[in-house]
Amino acid sequence: MMGFVCVFFVLSLTISTVGGLSCYSCAAKPLSSKDCLEKVDCASNMDHCYSQKSDGYATKGCLSSALCLTGATQGCCSSDLCNNAKNIGSSFILLLLSTAALYFL
């Protein structure tokens, strides 16, 4: 019974991605800018959002999980609009916890 509850919980966390993932998108905007709030619907092969910060600029958008796993970006997450600056850390932790839950089932 506990295994069923864990599986249901993990599935309910990912249900928002069934219809397609939405991410914030911008290219090389200053970190102080509030212009990185354009919302885009990701292509079906793009299952993560990312946020990259470098030299005072931010770039955000959609990315495949394979590129997230290589460490090519600073922040990857897998829920709708999770690449907003304040949400990246908690989404990454949620991704790790759900992966661990599936591993131990």
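Which of (1) polar (S, T, N, Q); (2) at pLDDT below 85; (3) part of a strand (DSSP E or B) is the odd one out, the single condition residue 52 does not satisfy?
All conditions pass for residue 52, except number (2).
Taking the stretch 25-43 on its own, how many of its residues are surrounded by fewer than 15 Cβ atoms within 10 Å (Cβ to Cβ), touching a Gly at 6+ places or on another chain (Cβ under 7 Å) and not aliphatic (A, V, I, L, M)?
2
I'd like the full set of residues that are assigned to a strand (DSSP E or B) and either closer than 10 Å to residue 83 by Cα or not acidic (Asp, Glu) (or both), limited to the stretch 20-38.
Result: 22, 23, 24, 25, 26, 27, 28, 29, 30.
Search the stretch 63-88 for residues being surrounded by 20 or more Cβ atoms within 10 Å (Cβ to Cβ) and in contact with a helix residue (DSSP H, G or I) (Cβ under 7 Å, 6 or more places away or on another chain), and hand back the single one that is modelled with the lowest pLDDT.
The qualifying residue modelled with the lowest pLDDT is 75.
Considering only residues of the stretch 15-34 that are of a type in the set (S, T, N, Q) and farther than 13 Å from residue 63 by Cα, which is modelled with the highest pLDDT?
32
If you check residue 59 against the conditions, is it β-branched (Val, Ile, Thr) and either in contact with a Cys (Cβ under 7 Å, 6 or more places away or on another chain) or modelled with pLDDT of 90 or more (or both)?
Taking the combined requirement at face value, the residue satisfies it.
The values are calculated or read from the model by the stated rules, or taken from the named source; none is laboratory data. On a predicted model such as this, the values are computed, not experimentally measured, just so you know. Counting neighbours? That spans all protein chains shown, and the Cβs are built from the backbone with ideal geometry, glycine included.
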